[in-house]
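Comments concern the structure below.
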Amino acid sequence: MNLRDSNLAKLPDRVFDALIIGGGINGAVAAAALSGKGASVALIDQRDFAGFTSQQSSNLAWGGIKYLESGDYGLVRKLCLSRNHLIDSYPSRVQEIRFFTTIDKGFRFSPWFLWIGTWVYWLFGNGYTRIPRLMSKGQIRHEEPVVNTSKAAGGFEYSDAYLHDNDSRFVFQFVRAAMDRGTIAANYVESLGSRREEIGREEMGTERDKDAIWITEARDTLSGETFQIRSKILINAAGPFADGLNQRNGEQTAHQHLFSKGIHLIVPQITPQQHILTFFADDGRLFFVIPMGVRTCIGTTDTPVASPFTEVTDEDRDFVLENINKRLELAKPLTRADIIAERCGVRPLVVQRTSNATSDAAEGARDWMQLSRKHAIDVDSARAHLSIFGGKLTDCVNVGNEVAEIATQLGVTLPHPHYRWYGEPHRSVYQEYMHQARLMDLDSYTSPDSIEPLSSRLWRRYDQQAFELLAQIREDPRQAEVLIKGTDYTRCEIQLAKRQEMIVTLEDFLRRRSKIALVVPRQTIQQAEGLMEACEILFGDQAQARYDEYFCEDCGVTPAQSRQTTDETEPQGAA
Ligand SMILES: Cc1cc2nc3c(=O)[nH]c(=O)nc-3n(C[C@H](O)[C@H](O)[C@H](O)COP(=O)(O)OP(=O)(O)OC[C@H]3O[C@@H](n4cnc5c(N)ncnc54)[C@H](O)[C@@H]3O)c2cc1C
């Protein structure tokens, strides 16, 4: 029985302490924190884990320097500390990176003024990162010839952090950690709605004669089968769908979401330098050129929208391309033909619920840029219900800790309240891994196409589980061979993914567990030698079907989209 089937069979089994609906970053950290501290947890997502907003971010763990301008000092301070904590806790996954910023002449602030701002920012982060640096136009030209300095007034460099692999991989690692600590998680399982019901003392495991629990009607979107999941508390981590789900479950909340659409374009590598080129776009917003392995990711935009379902329009593409072409000196300007992949999502922004919040936003009555990127957790103590609104990847450890604290207040017993549920394994474990890797000369197996040694890549992606991979390679060196040509995925990794990573569709693997679909053109992937063998490992006798489903040109839909969920068939909630 595979991992998903085994978990599906366990979901209706017992009364869980908590059921979490939504496996984006907020749901994933909630599951990791609660199960790490000893609660029994179920986690479901109607798509793949990180299959919605959490796969569309800019991949930054950052203190939100731009919120200094809106005076949101408390948020900046909190995010800077969260960023530091992530860099500290995930040395291989979250890394400091320099933001190489160029300021045009006539911009609303001078480079000098902004440079002073970066010092304030640096102090907000307790001076944890490298210090900011002021740069003249000549220095910018000398250090980064790809920047067009013809209209530049000067610039500066400061530090924040980025997710080395990818947002969706980062999220999945929390789901994996949660499963390692007992969470029963399943992707492609949808909540159809939840209700409160009274049950007797034995089932609930409390002293009281009767207590109420949540009964959630769930549907396996692959088989169509429905079943019930019972839990003491219910956590709505449905991101942009949180309002709709609350409405369905009869939950009243103080907050609600508004949506801001953002897109990124992935293009051939613009600069080999490992820094983020930073500009202010024509609309005055910060605009990034972010390294993504052998590619470059450019973005983003910030447009108010009413629905969470968005797509990249030609207008979006042209906005990004025009802005970047103006600010770079490329041998040939970037065109739509250079786009390798696109990312598009909505930021779920938290606002106080008012009767006309949605129409206010639509009419532009709110200052869009001033909307805070903080998170809020609304608690309905009487019904043992939590709703997580807003937030950022950067803030994920705080969200996990807050959820655990609230769960205790709602009566969930956490036998290990001080357990550190996040972070890479202790340094000594890493040193032992590297020692074993050196002894077997692991890096000699590194693919010539790879931009980093195999030892560090395997550690970052699998940490503790990388020991298992070393053992397999020692036993059979063929396991270290790159299986899908043009990528750096080895045979033993695909086998591990099959056992441990709950991959249901080819897109789950190509787009989220790995970032192959973001950095390799679709046609190249389709023809890649070894892809069918990888499909055979991942899907067995369903290999051809999963391959056809992914590359089905006529349908023009991705597998995940082809599985209709009630969110797509019912009207949206508040936003
Ligand atoms: C363009 C853009 C750039 C961004 N850049 C950054 C950045 O650089 N750094 C940063 O920290 N943050 C960034 N963010 C913000 C961050 O990505 C989001 O705040 C975060 O991913 C939201 O996570 P979530 O878990 O709330 O929502 P989601 O990731 O959307 O997760 C919610 C999940 O709930 C599931 N779900 C919904 N309804 C149901 C149901 N009925 N049953 C079962 N499952 C259900 C969905 O399928 C979904 O997977 C960015 C966001 C965008 C859009």
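The values are calculated or read from the model by the stated rules, or taken from the named source; none is laboratory data. Since this is a predicted model, take the numbers as computed values, not measurements. Every residue, glycine among them, receives a Cβ derived from its backbone with ideal geometry; neighbour counts consider all protein chains shown. Side chains are part of the model used for accessible areas, which takes the heavy atoms of the whole protein and leaves out ligands, DNA and RNA. Shrake-Rupley method; radii C 1.70, N 1.55, O 1.52, S 1.80 Å.
Taking only the C-alpha atoms of the range 251-337, the Rg (one decimal) and the largest Cα-Cα distance, Dmax (whole number), read 15.3, 56 Å. Around the Cα centre of the range 1-117, unit charges on the Cβ atoms of Lys, Arg, Asp and Glu (plus for the first two, minus for the last two) sum to a dipole of about 220 debye. Look at where the Cα atoms of the range 470-521 and of the range 82-137 average out, and the two centres are 35 Å apart.
Size descriptor for the range 67-212, Kirkwood hydrodynamic radius: 19.7 Å (Cα pairs only, one decimal). Excluding ligands, DNA and RNA, the accessible surface per residue across the range 36-134 is 38 Å² with a 1.4 Å probe.
Could you check how much of the accessible area of the chain is carbon and sulfur, as a whole percent, using a 1.4 Å probe?
With neighbouring chains kept in place, the figure for the chain is 50 percent.
Listed highest first by mean packing, meaning other Cβ atoms within 10 Å per residue, what order do 277-285, 511-519, 103-111 come in?
On the way: 277-285: 18.2, 511-519: 23.8, 103-111: 15.9.
Highest to lowest by the protection proxy: 511-519, 277-285, 103-111.
If you restrict to DSSP beta bridges whose two residues both lie in the chain, what percentage is antiparallel, to the nearest 5? For the chain, the DSSP antiparallel bridge percentage is about 80.
Amide H contacts of ALA153 (H built 1.01 Å from N, in plane; Pro and chain starts excluded): ILE103, ASP104, LYS105 sit under 5 Å, all sequence-distant by 5 or more or on other chains. Our coupling estimate for the range 240-256, obtained by passing each phi through the Karplus curve with A = 6.51, B = -1.76, C = 1.60 and θ = phi - 60°, is x, 9, 4, 5, x, 5, 4, 4, 4, 8, x, 9, 9, 10, 7, 10, 8 Hz, Gly and Pro reported as x. Once you have the Kirkwood Rh of the chain from its Cα pairs, apply Stokes-Einstein at 25 °C and 0.890 mPa s and quote D in µm²/s. For these conditions, the coefficient is 99 µm²/s. Positive end of the charge dipole of the chain (Lys, Arg +1 and Asp, Glu -1 on Cβ, about the Cα centre): tell me which of CYS492, ALA185, VAL519 has its Cα farthest that way. Ranked along the dipole, the leading option is VAL519. With the cut-off at 21 Å, tell me which of the pairs LYS105/LYS392; LYS232/LYS392; LYS66/LYS261 have Cα atoms farther apart than that. From LYS105/LYS392; LYS232/LYS392; LYS66/LYS261, over 21 Å: LYS105/LYS392; LYS232/LYS392.
Rounded to two decimal places and with Rh computed the Kirkwood way over Cα pairs, what is Rg over Rh for the range 453-513?
On the way: Rg = 11.2 Å, Rh = 11.9 Å.
Answer for the range 453-513: 0.94.
For the range 149-165, putting each phi into the Karplus relation 6.51 cos²θ - 1.76 cosθ + 1.60 with θ = phi - 60° gives couplings of 9, 4, 10, 7, 9, x, x, 7, 10, 9, 10, 9, 9, 9, 8, 4, 8 Hz, in residue order, rounded to whole numbers and with x for Gly and Pro. Taking amide hydrogens as placed 1.01 Å from N in the peptide plane, the amide H of MET292 sits under 5 Å from those of CYS297, each at least 5 positions away in sequence or on another chain. Each residue of the range 124-135 was assigned a 3J(HN,Hα) from its phi angle through the Karplus curve 6.51 cos²θ - 1.76 cosθ + 1.60 (θ = phi - 60°); the sequence is 4, x, 6, x, 6, 9, 5, 6, x, 9, 7, 10 Hz, with glycine and proline shown as x.
From the Cα trace of the range 112-167, what convex hull volume per residue do you get, rounded to a whole Å³? List each step's numbers first, then the result.
Values: hull volume 6.6 nm³, N = 56.
Looking at the range 112-167, the number lands at 117 Å³ per residue.
From its DSSP helices (H runs of at least four residues, each -39,500 (n - 2.57)), the chain gives a residue-normalised ellipticity at 222 nm of -10000 deg cm²/dmol. Which of the lysines could be linked to LYS515 by a straight reach, that is with a Cα gap under 18 Å, when you skip same-chain ones fewer than 8 residues away? Counting by Cα, and skipping residues close in sequence, LYS515 has these lysines nearby: LYS485, LYS498. Note on the chain: with charges restricted to the Cβ of Lys and Arg (+1) and Asp and Glu (-1), its dipole about the Cα centre is near 1580 debye.
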